[in-house]
Structure formats: structure tokens, C-alpha cells
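First comes the structure, then the notes that go with it.
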Number of protein chains: 2
Amino acid sequence: MRKVVFSVANSVDGYIASKDRSLDWILSDAEGTAAMATFWSEIDTVIVGRKTYEPVLASGKSWPSYPGVKTYVFSHTLAADADKSVTVIAADAVEFIKQLRTEAGKDIFVMGGGELANALLAASLIDEIRLNIQPVLLGGGVALFPTLERGVALERVECRSYQNGRVSVRYLVKR
Amino acid sequence: MRKVVFSVANSVDGYIASKDRSLDWILSDAEGTAAMATFWSEIDTVIVGRKTYEPVLASGKSWPSYPGVKTYVFSHTLAADADKSVTVIAADAVEFIKQLRTEAGKDIFVMGGGELANALLAASLIDEIRLNIQPVLLGGGVALFPTLERGVALERVECRSYQNGRVSVRYLVKR
């Protein structure tokens, strides 16, 4: 079955955006870019919550579209035709992903974090977590992991250390 | 100058104790034990907050004493002679550590976390952060890093991946 992968860049203290919502603390390098290119080739679907999606549009940019990749935005308030490059889903994310992952296709990328990832984790719908830990304490901002009702055991399958201080770790969710 | 090292075992989602305050999710292995033995040989002082210290005593155990290592407990409420194996300090932790690190000696280990580590981080009194990331999401509990007023840039100086799923990362605090 295709995997649901939650992949994100985060600070050491577990934030995915700083207090002022900036992302300028996220380091990039050739290895990271290459790893992301491989990742994009393995997926055909991006799912994203409204709170991750809206700031991108508000910044005046359009949602990045990748050839062969479909983006679903979960929102009860966005107009269905607000942005031609995405599909707005007003239905329940958990039920939608439950169905989606039974269909044939490449892996599914859960982008951003917080509430959507939390709902999917709680429903045992995340198969893999990839953290890209940046060498900084942000002190506050958008939390990577909201609280969960139950703990989740993980299996570390990869850990890489990059020249510029990043550490990437890949975990499988144990069931 | 001697270093002030904040070293802790934490979950992937940034907790140092689970909701029920258990620590049974912390993995041990020969490599980790060897690394801790080396660490203990490099320090001569442990500083610990009341909230980390009290549960140990409440469990009926005595505070572990290590040869040549002095433990300071910061508390305004504990009696000075409550436990012969520690020294209770009612004075301000920041001022105390500021003085302590100018004195000759081996490194200083900030144990536990949360409030004490936060106050010391905010006062630029932590030189090194060592995380021992366990392969689990606890979903809640005692937070590793409380919120900070300002961000703190880190330099990753070591990253090790262990057989049992742990990842240990060592960061220097940039000033």
C-alpha cells in the first residue's frame, strides 16, 4: 500500500515556523535539495491543512505545482475554486485519507504540520515521519507536534548528519 | 572556562517525562552507558531544579551520589538539611551559576530540564546541549524546552545513531 509520509523541517525545540511565521532559519544545501528531489519523485499527492496553505497564498505567491503531483487542501472555509493548482476538500481529512491510501498510487506527502498531522497520527494514518532538524532553538512559534491522546512508538530507519548542521531522521510509525 | 552542559533524554516530540511522569520509554544500551560514564568523568557538579529532584526523593530513593560530584538543588521551599547528599540553594539560580562557572573546576551538568534550563538558556549560561532522542512520541508530559523570549542559534558538533533507535546530538550554543 502507498505510504503516508509526514515530512517537515523543524527547530530543535520542535517548531515548524517561528513566532513571526518566518522560515528563514531553514537551511538548504545541495544534499538536501537532492534528497527532496528524490522524495518528490516518490509521491504523487500532497495534503496540506488550511493554516499551512493560506500563508503561502497571502504572501502573493501561487501554490507550487509539481508535475504529476496533486495537492489537496483541507478546509471548510476556502472556496473550492480559489486556486486552480489545488483541490479544496471540505470533507473530513481522516476519512478522505483513509480512502485515498487504499487507492493505487505513489506515496502521499503530509506537508506542514500541527493540526492535520496530529489528526492523522491519532487515526494511525501516518506511516512515516521525516524530520529535518535545524540547528536552532526558536523559542516559540507553530508547534510541530500538538499533544496526542496516546503515545506512538517509532522505529528509526535512517539518520543523516549534514555539513551545515542539519540532522535528518526518518522514523516508521509502529502499529 | 568550565562548560555548563544541559544533557537530557527526550522524546521525538520534545518531552522529558511522560504524562504519568514515567521514564520507562528511555532506552539504555552499552554504548549509552559508556557515553554517560565518560560524561560523569568530565563533570564535578550537577545542578537540578526542585521539580526534577523531588520526584526522586518521593519515590523513596535517595539522590544518586557520584564520587567527586557535588549536587546543587535550587529551591526556595526545601529545607537546607533535607538530604545530606545534596546542597539546597535558595538563592537565584542564574546568579549562582554565573559565579560558579567562573570558579575553577570540571564541567557543570544541568540535569532535568524545563524551568531551570530555560532560565539558564535565557541568561546565556548554557554552553552545550546534548539531546538523547528516543524513538517515541509521548504526546504530552513535561516539556523539554519551555518558550524562550529570543531564539538561540546552535552549532551541531556531534550526531550519533544507535542500534536501538536512539539518536544523540550535541550542540554548542552560539553567542
Problem set entry | Size of electric dipole in the protein assembly as shown: Cβ of Lys, Arg +1 and of Asp, Glu -1, about Cα centre, debye, nearest 20 | 180
Seminar exercise, completed: Whole-Å distance linking the alpha carbon centroid of segment A:80-130 with that of segment B:114-170 is 30
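Around B:Tyr171, what is the net charge, scoring Lys/Arg as +1 and Asp/Glu as -1 over all other residues with Cβ under 14 Å from its Cβ?
Local charge sum for B:Tyr171: +3.
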Problem set entry | Neighbourhood net charge (11 Å Cβ-Cβ; Lys/Arg +1, Asp/Glu -1) for A:Ile43 | +1
Seminar exercise, completed: The answer for trypsin sites (Lys or Arg not before Pro) in segment B:75-150 that fall in a DSSP coil and have at most 15 neighbouring Cβ atoms within 10 Å is B:Lys84, B:Lys106, B:Arg150
Seminar exercise, completed: Lys and Arg at +1, Asp and Glu at -1: neighbours of B:Val157 with Cβ under 14 Å from its Cβ sum to +3
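Suppose we flag GluC sites (Glu not before Pro) only when DSSP calls them loop and at most 15 other Cβ atoms lie within 10 Å. Which is the longest uninterrupted stretch of chain A?
A:1-102
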Exercise. When the convex hull of the Cα atoms of the protein assembly as shown is projected onto a plane and the area is averaged over all directions, what value comes out in nm²?
Worked result: 19.1
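Run lengths n ≥ 4 of DSSP H only: what is the helix-derived mean residue ellipticity at 222 nm for chain A, with -39500 (n - 2.57) per run over all residues, to the nearest 500?
So the calculated ellipticity at 222 nm is -6500 deg cm²/dmol.
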Exercise. Past the 30 Å Cα-Cα mark, which pairs from A:Lys174/B:Lys19; A:Lys51/A:Lys84; A:Lys19/B:Lys51; B:Lys19/B:Lys61?
Worked result: none
For this session: Among A:Gly165, B:Pro135, A:Phe6, flag the residue with its Cα farthest along the positive direction of the charge dipole of the protein assembly as shown, charges on Cβ as +1 for Lys/Arg and -1 for Asp/Glu.
Result: A:Gly165
Exercise. In the protein assembly as shown, what % of DSSP beta bridges are antiparallel (nearest 5)?
Worked result: 45
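Rule-of-thumb check for segment A:4-173: C-alpha Rg over 2.2 N^0.38 Å? Please report the intermediate quantities before stating the final value.
Details: Rg = 15.6 Å, N = 170, 2.2 N^0.38 = 15.5 Å.
Normalised Cα radius of gyration, segment A:4-173: 1.01.
No lab work stands behind these numbers, since they all come straight from the coordinates. Remember, it's a predicted structure, so these values are computed and weren't measured experimentally. All Cβ positions, glycine included, derive from the backbone under ideal geometry; neighbour counts span all protein chains shown.
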